[in-house]
Structure formats: structure tokens, C-alpha cells
Amino acid sequence: MAEQQVHMRVWRGDANGGEFKDYRIAVGEGQVVLDVIHAIQAQQAGDLAVRWNCKAGKCGSCSAEVNGKPRLMCMTRMNTFEPGETITVSPMRTFPIIRDLVTDVSYNYQKAKEIPAFKPKAKESDGTRRMYQEDIDRVQEFHKCIECFLCQNVCHVIRDHEDNKPAFSGPRFFVRLASLEMHPLDTNDRMELIKQKAGLGYCNITKCCTEVCPENIHITDNAIIPLKERVVDRFYDPIAKLMGLFSSKNK
Amino acid sequence: MADKSLTLDQYRTLRKDNWWMEPLMVVAVLGGFGIYATWAALQNANYYAAPYLSPFYSPCISANCAHVTLPLIGSWWNLSPAFLILWVPGGFRATCYYYRKAYYRSFFQSPPACAVRDAAKSYSGETRFPFILQNIHRYFFYLSLVILAFLWWDALLAFRFPDGFGMGVGTIVLCVNAALLSLFSFSCNSCRHVCGGYLNSFHRTPSKFKAWSFISGLNEKHMQYAWVSLVWVGLTDVYVRLLAMGVISDLRFF
């Protein structure tokens with residue numbers, strides 16, 4: 001793509017309100033949305049606030065909404081838009097706006113604190129703990145999370161219903177809970193927390209978290225649904241509950 | 001600088017693509033299937049054309065059946081025998097994790113698409129009645145396996161013609177129907193869980209690990225199996241119905 005002018009509409013404002021401001025700016029070959037935001041900041045709006053860090057899709061800082069879709073700005077290439085298309089950039093809607101494209105994501109850190117930490121089994125007689133590859137493969141996927149909070153942002157449970165925030169942890173923390181609950185060495189029991197305090201029942205499996213995940217983690221199928229099934233085992237399935245009294249699940 | 005007169009909340013969505021297309025298609029296909037299945041069940045006729053039995057009426061378990069599979073219900077039952085059966089596959093699909101996504105988005109608009117505002121002002125998800133009943137999905141899965149066994153039996157009977165062993169187009173239709181419903185049933189998330197997903201450690205149970213791995217592979221295409229099997233089971237009923245009504249005749253290969 002040779003250098004060309006693009007029309008950007010960027011949200012400018014703070015907690016009290018704001019508006020979309022128009023910018024026309026040159027875009028070079030290979031650029032991403034974050035490059036263009038930086039160019040606007042450098043050439044036309046020095047006070048434009050944007051959070052960023054690695055520019056490589058690994059720090060999860062530059063989360064925003066591009067044409068209404070939750071995206072990492074550093075991973076959204078400008079050549080994916082039609083020539084002449086107006087590109088709208090707005091902050092993540094689920095979190096309070098601090099300024100322009102920067103939001104206050106502290107809700108997520110509060111939810112993270114509610115999760116009991118990893119508590120490993122006692123060591124074996126030779127002083128080691130062993131894990132087998134087939135046991136650990138499943139939770140490895142969850143460790144790819146970069147905490148960009150796009151899944152939290154797109155989740156309608158809190159995006160459209162602010163009042164659910166105290167009762168719902170959100171998909172990022174269901175991934176965290178799944179990685180701990182399925183861990184072959186962990187001994188903590190978090191099922192009551194998953195059902196009650198984390199509010200797993202609020203999730204209605206509409207899979208938007210999976211659709212927006214930049215690390216392609218199968219959040220719904222591999223984390224949330226297996227957790228829902230474990231909640232059924234414990235709280236809703238009398239036969240599974242009865243069988244659970246007589247057998248260990250290798251926890 | 002901004003005049004601070006607006007907030008982002010005023011926009012239902014800032015998406016510019018045709019996000020409404022998918023929920024619209026789901027309403028059309030799922031709604032159309034629901035209407036057709038209800039109509040077909042109410043007909044109480046034209047569901048058997050020897051040797052083919054429509055899957056909407058299988059297994060046929062009441063005395064008033066045109067082709068009794070298993071005589072469990074006496075002649076006191078005078079409604080359509082389809083109603084004795086359809087609640088099982090209906091419940092299985094209604095509580096299926098994939099269909100939940102499809103109908104929550106399209107019929108309840110909760111949300112209609114990603115980053116598009118919910119239609120309802122308040123939301124409690126699956127924490128309260130009636131949606132808390134979604135948690136019995138695995139029981140519908142178990143019951144569906146029983147129905148599935150009968151559908152395979154029907155597929156086998158579809159090779160047995162009045163003049164002996166044979167195969168017609170209807171035989172293939174019934175066999176494909178049973179195969180697609182098997183793929184849909186065994187790719188189910190609850191099946192994945194009960195076959196091994198509940199474990200934290202697989203290395204002591206290699207057979208469960210193999211079963212879980214195999215079903216995990218199937219599960220990746222659960223959505224596709226859900227749609228194809230839904231359409232095919234409807235078409236199977238249409239085929240048997242048209243045969244029974246004499247509108248078409250079955251092509252025999254041998």
C-alpha cells in the first residue's frame with residue numbers, strides 16, 4: 001500500500017463525556033492502527049491519550065474498539081480497511097474512561113485478587129512433584145493469555161449491565177480459574193467460588209470472548225463450558241454427586 | 001477539545017459490518033425448523049412408508065402408531081405418537097451449548113452480536129428459572145443416545161423391503177440421518193466432559209484420555225454437525241412424508 005490519506009474518527013473525552021474528532025492523516029505501507037494513532041498524536045493532537053507498550057501483540061496494553069470491534073490496535077493492519085473508509089477508534093466501553101482511548105481497568109485487578117492462588121500437592125517421596133505431558137497440555141493454552149481484557153470488554157454481562165460487575169468475574173478470570181481447577185497438582189477447591197462469587201451462571205455462552213481473543217484461546221469451549229460442567233457435577237447432577245462420594249477425580 | 005456533551009453509551013454499536021445477518025439467518029432456519037417439526041408432529045399421518053419410518057416418529061412407542069417400534073404405551077394415547085418422542089431431541093438441542101449461543105443471540109438478542117447492546121435492560125443469565133434448567137443438558141444427552149440407537153435400528157430396517165434385502169434412496173437418507181445425528185450427539189460438550197473432561201490427571205486413565213481427545217476433535221465441529229443434522233433430519237421427514245403421500249416414489253438400487 002503506497003502512502004495515502006485516511007480519515008480517522010477518534011473518541012476524545014473523559015469521564016464526563018466527549019465526542020468523536022476527525023483527523024485526516026497519511027498512512028504508509030505496513031502500518032497498523034496504533035501507528036496512525038501515534039502519527040495523529042505527533043502531528044495533530046499532542047494531548048491525545050493512548051496506552052501502549054510492546055507494539056507486538058504481547059503486552060495487551062493497546063486494547064480499543066476499531067470500527068466498533070474490540071481489537072488490539074497494534075495488531076490491526078491498515079490495509080485490512082477499504083480505501084476511503086472512515087475508521088472509528090474508541091476506548092473499551094466496559095471500563096470507565098480516564099481520557100480519550102485510556103480506560104480504568106482496575107475492575108479486573110480486583111477480580112484477580114478474589115481467586116485463591118495455586119496450592120500444590122505435597123512432594124513425592126523422592127522430593128519432587130511430577131506432571132505428565134497429557135495432563136499439562138490442556139492448561140498450557142490458558143497461559144497464553146496476555147491480559148488485554150478484550151474478552152472482559154466484549155462480554156455483554158458487564159458491558160451492557162453495569163450492575164452485574166460485583167457478581168461476575170468475566171471470561172478472563174474463568175480462564176484463570178480453569179487453568180487452576182484443571183491443574184494436575186493443584187489442591188485448592190474453587191467450585192463454590194466459581195458458582196457463587198465469580199458468577200459463572202451469568203455466562204450464556206454467546207462466545208464473543210472467544211471471537212475477540214487475540215491469542216485465539218478457546219475461552220468458551222475449553223474453559224467456560226468445562227467449568228460449567230464441573231459446576232453441574234457438584235451442584236446440579238445428583239448421580240454425579242453420588243458417584244463423586246465413592247470415587248476420586250485425581251484431584 | 002471535546003465539548004463533553006456525549007458519551008459512548010448513546011451508541012447501540014459502532015460496528016459497520018452486517019452484524020444482523022447471522023441472527024437473522026438463525027431465526028429463519030431455526031424458526032422454520034421449529035414450525036415445520038410442530039406441523040409434522042401434529043399431522044399424525046404419513047410418517048411411515050415401508051420400510052422407512054420418519055425420525056420425527058421414531059421410536060414409535062404407542063399402540064396407535066402406523067409402525068410400532070416398541071409397544072410401551074397403550075391405546076389410551078390418542079394424540080400423535082411424535083409427541084412422546086420429540087421432547088427428547090428437542091430438549092437436547094434446546095439445552096445444547098452451541099444452540100444456546102445461537103438462540104440467545106438471535107431470538108433473545110442477548111446480545112444480538114458481539115459489541116452490540118443487549119435488547120433487555122436487565123440480565124441474570126442462567127442463574128435463575130427457567131434458564132437455570134440448562135444445567136440438565138447431560139440428561140438430555142443420555143436420553144438422546146437411546147433415541148439414536150433406535151434411529152440406527154430404523155436405518156438397518158430400511159434395508160428390509162417386503163420383497164427381501166434391498167437398498168433405495170430412502171435407505172441412504174435414513175443412514176445419513178443416523179450418522180449425522182451420531183456426530184452431533186457425540187461431539188456434545190457434556191459428552192466431552194463425562195468421557196474424561198472431568199479429570200485433572202489423565203495419565204492414570206489412558207482410555208479416558210483417548211476418548212476425551214477423540215471427542216475434543218469432534219467437538220471442534222459441533223456447530224457444523226448441529227446445523228447439518230438439523231436440516232437433514234427435517235429433509236428425512238419430508239422424504240418419508242412425500243413417499244407416504246404418494247407424491248414421489250422411492251428409487252431402488254437393488
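The values are calculated or read from the model by the stated rules, or taken from the named source; none is laboratory data. Note that the structure is predicted; figures quoted are calculated from it, not measured. Ideal geometry is used to build each Cβ from the backbone, glycine not excepted, and the neighbour counts take in all protein chains shown.
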| request: Check whether at least one residue in region B:135-155 is under 30 Å from B:Arg12 (Cβ atoms) and within 21 Å of the chain's Cα centre (by Cα), and report yes or no. | output: no
| Residue within region B:10-29 that is assigned to a helix (DSSP H, G or I), within 14 Å of chain A (Cβ to nearest Cβ) and β-branched (Val, Ile, Thr) present | yes
| Considering region B:75-101 alone, what residues qualify as being away from chain A (no Cβ under 13 Å), closer than 13 Å to B:Tyr139 by Cβ and crowded, with 20+ Cβ neighbours inside 10 Å? | B:Phe92
| request: Within region A:114-137, count every residue that is out of contact with any Pro (no Cβ under 9 Å at 6 or more places or on another chain), part of a helix (DSSP H, G or I) and not polar (S, T, N, Q). | output: 1
| request: Kindly indicate whether any position in region A:13-34 is at pLDDT 95 or above, crowded, with 19+ Cβ neighbours inside 10 Å and outside any strand (DSSP E or B). | output: yes
| query | Do we find a residue being in contact with a Phe, Trp or Tyr (Cβ under 7 Å, 6 or more places away or on another chain), closer than 22 Å to B:Gln10 by Cα and either at pLDDT 95 or above or not in a strand (DSSP E or B) (or both) anywhere in region A:45-67? | reply | yes
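Quick check, is A:Asp163 closer than 25 Å to B:Arg105 by Cβ and surrounded by fewer than 21 Cβ atoms within 10 Å (Cβ to Cβ)? If you could, list the steps in order and put the result at the bottom.
Numbers: closer than 25 Å to B:Arg105 by Cβ: yes; surrounded by fewer than 21 Cβ atoms within 10 Å (Cβ to Cβ): yes.
Yes.
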| field | Complete set of residues in region A:96-128 that are of a type in the set (Val, Ile, Thr) and surrounded by fewer than 10 Cβ atoms within 10 Å (Cβ to Cβ) | value | A:Thr128
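For region A:155-164, state whether one or more residues are in contact (Cβ under 8 Å) with a residue 60 or more places away in the chain and either part of a loop (DSSP other than H, G, I, E, B) or assigned by TED's automatic domain parsing to the domain that holds A:Gly60 (or both).
Yes, region A:155-164 has at least one match.
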